[in-house]
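Data first, discussion second: the structure below is written as structure tokens.
The values are calculated or read from the model by the stated rules, or taken from the named source; none is laboratory data. Note that the structure is a prediction, hence the values are computed from the model and not measured. Methodologically, a virtual Cβ is constructed for each residue, glycine included, from the backbone with ideal geometry; neighbour enumeration extends over all protein chains shown.
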Amino acid sequence: MGINRSSIYRDPPKEKAISDIDLLIMRRIDEIHTAHPTWGYRTITKIIRRDDEILVNRKKIRRMMRVMGIYTIYPKPNLSKRYHAQYIRPYLLRNLSIVRPDQVWGVDITYIRMQKGFMYLFIIIDWHSRYIVDFELSNTLEKSFVMECLKRALSKHKPEIINSDQGSHFTNSDYIKLMEAAEVKISMDGKGQALDNVRTERFFRTLKYDLIYINEFESPRELRKAINSYIHEYNTYRPHSSIGDLCPAQVYHGQFAQAA
């Protein structure tokens, strides 16, 4: 029917509906992890039990973090499944001077809460300009919404290198083939390394503190509209000290004369 499946949202069947208490726990996990990304599920469990007075065990917190796509940031052994190992690529950005747009793109996914429920946000960010090249929201973690967004972005621009984590959305044959066909070099963070994807993580943190945590979005449509507006303002209006107080769009599109 020509409808983007990732833009469609439906409530899960009643037997699979998430309880209010579980939604509250997931909210708290997201808040704690955003503020302290190096804290593991054991620490998060203790804080929720202490501060929120919710009797929850560590296994449940760890399971919820996996559902949310949240992983603690610290160096740890590579525990990827064997069938993913063949798709892992080395980190190419160490000591690399990033000096121009479309030299490096960063991609990542984050959990976004709503008043009742949640969605997942995928973004593509140009590391030199901090410009959000494209984004997509989905109510599931199926890889189709990631692939659709990447294909849309690559039809307009192409980076020299694209950097991601080692998650399943990027360690699979479809992703690898798409990048190879576009002649884009693939870079992946070291497992659990905090600084390898710092620009992308910083954007997610800013978005959540500026928009998500101070609002209660009732529907995916309302959330989508708010994020679209936020990203437009982030790209075209908000100055960034890291790029000489210019806006990301000015640097990405080379509009320095206009800024003067």
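Annotations
- Restricted to the range 185-229, and to residues there that are of a type in the set (Ser, Thr, Tyr) and farther than 16 Å from residue 114 by Cα, the residue that is modelled with the lowest pLDDT is 200.
- Count - residues of the range 106-126 that are within 17 Å of residue 249 (Cβ to Cβ) and either among the charged types (D, E, K, R) or modelled with pLDDT under 95 (or both): 1
- Residue in the range 239-249 that is closer than 17 Å to residue 104 by Cα and among the acidic types (Asp, Glu) present: no
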